[in-house]
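The values are calculated or read from the model by the stated rules, or taken from the named source; none is laboratory data. These numbers come from a predicted model, not from an experiment. Here the Cβ positions follow ideal geometry from the backbone for every residue, glycine too, while neighbour counts run over all protein chains shown. With ligands, DNA and RNA removed, areas are computed over all heavy atoms of the protein, side chains included. Shrake-Rupley method; radii C 1.70, N 1.55, O 1.52, S 1.80 Å.
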Amino acid sequence: MAEPKVQIERPLSPHLGIYRFSITMAMSIVHRITGSALYFGTLLLVWWLLAASSSAKQFDIVSAFFASWFGQLVLFGYTWALLHHMLGGIRHFIWDTAHGLEPGEREFLAYATLVGSVVLTLAVWMLGYMFKG
Amino acid sequence: MKTPFARVRGLGTAHSGTEHFWMQRLTGIANLPLIIAFLVVIVSLVGSSQASVIATLSNPFVAMILLAALMSVLIHMRIGMQVIIEDYVHTELRKILLLMANTFFTLAVAIAAVYAILKINFGL
């Protein structure tokens, strides 16, 4: 029998729970969550494209789903996720040029991502309803 | 000792490692105009019938923009999901299986979407 291994208490890097909440941290986490949501949301686009390419009946099924309150909720969330991830990406591009990293600037960019994504989502949906007529 | 050629390539001793970082930036830049164009197309099609959706997607310019957006987005999201898997999944077998699934999912989405767009453009 081998000797049971002695458990050595090694220092670990601090875990997420130890940090004080900050807006930059929240937007970083949201960037990852929206990325994952967009990843699986591509299935909605595929469903829509396949239905449009197959038959009027299939297309009507997809349209009815997207027009339902649940479908609208999903699409609204998807729009917001897309725009939040897009603005988050622009924030990363700004950081890549070594700008916007100072205290205050980071927080400004994080809030801008959040506020901008909500404003743009509402704008896109208002345009959508206007075009729908 | 670093040869001038090695310095120009900028890959260091690991010989690789920055491709994903670079590809994520490249596709991210490409995604910006492509997704904005995609949103314009989608918004213009809100509440449209199948016939008018097909008419719009059969426009060569719209079809090509859509295909370009798909390519850029799919490469981008595959790298992104790979990073997430590598960050959070520490069991070797599970990690490998999920990385495989990531590639298969991306390819399945790519093939289905491209098939539909080509069919709308050439096959109806």
Relative contact order in percent for segment B:48-124 (Cα pairs under 8 Å, 6+ apart) equals 45
Residues of segment B:42-70 with amide nitrogen under 19 Å from the 7 Å Cα-to-Cβ point of A:M130? B:42-48
If chain A were replaced by its equivalent ellipsoid, with semi-axes equal to the square roots of 5 times the Cα gyration tensor eigenvalues, what would those be, largest first, whole Å? 40, 25, 12
First obtain the Kirkwood hydrodynamic radius of segment A:57-126 from its Cα pairs, then insert it into the Stokes-Einstein equation at 20 °C and 1.002 mPa s, and state the resulting D in µm² per second as a whole number. 156
Just tell me how shielded B:73-85 is by partners: mean number of partner chain Cβ atoms within 10 Å of each residue's Cβ, no decimals. 3
Show me the three semi-axes of the equivalent ellipsoid for segment B:48-124, from the C-alpha gyration tensor (sqrt of 5 times each eigenvalue), largest first, rounded to whole Å. 34, 11, 9
Which values, in whole Å and largest first, are the semi-axes of the equivalent ellipsoid of segment B:1-112 obtained as the square root of 5 times each eigenvalue of the Cα gyration tensor? 36, 21, 10
Can you tally the net charge around A:G35? Count Lys and Arg as +1, Asp and Glu as -1, for every other residue whose Cβ sits under 15 Å from the Cβ of A:G35. +2
What accessible area, summed over both chains, is buried at the B-A interface (1.4 Å probe, Å², nearest 100)? 2900
Set the Förster distance to 51 Å, then compute FRET efficiency between B:L118 and A:L101 from the Cβ-Cβ distance, nearest 0.05. 0.70
I need the calculated FRET efficiency for the pair B:L97 and B:S52, taking r as the beta carbon distance and R₀ as 41 Å, to the nearest 0.05. 0.45
Working note, the protein assembly as shown: Cα radius of gyration (Å, one decimal) and Dmax (Å, whole number) are 22.0, 79
Sorted by accessible area with a 1.4 angstrom probe, largest first, how do A:H92, A:H31 fall? A:H92, A:H31
Across peptide A:31-38, what mean number of C-beta atoms from other chains lies inside 10 Å of a residue's C-beta? 3
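What's the carbon and sulfur percent of chain B's accessible surface, probe 1.4 angstrom, rounded to a whole number?
Values: 5590 of 7660 Å².
Answer for chain B: carbon and sulfur cover 73 percent of the accessible area.
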With a cut-off of 8 Å between alpha carbons and a minimum separation of six or more residues, what is the relative contact order of chain A in percent? 29
Between A:Q7 and A:H92, what is the spin-label point distance in nm, taking each point 7 Å from the Cα along the Cα→C-beta axis? 3.8
Partner shielding of B:43-56, as the mean number of partner chain Cβ atoms within 10 Å, equals 5
Buried by partner chains in segment A:41-88 (accessible area down by at least 40 Å² vs chain alone, 1.4 Å probe, heavy atoms, protein only) are A:T42, A:L45, A:V46, A:W48, A:L49, A:L50, A:A52, A:S53, A:F59, A:L82, A:M86
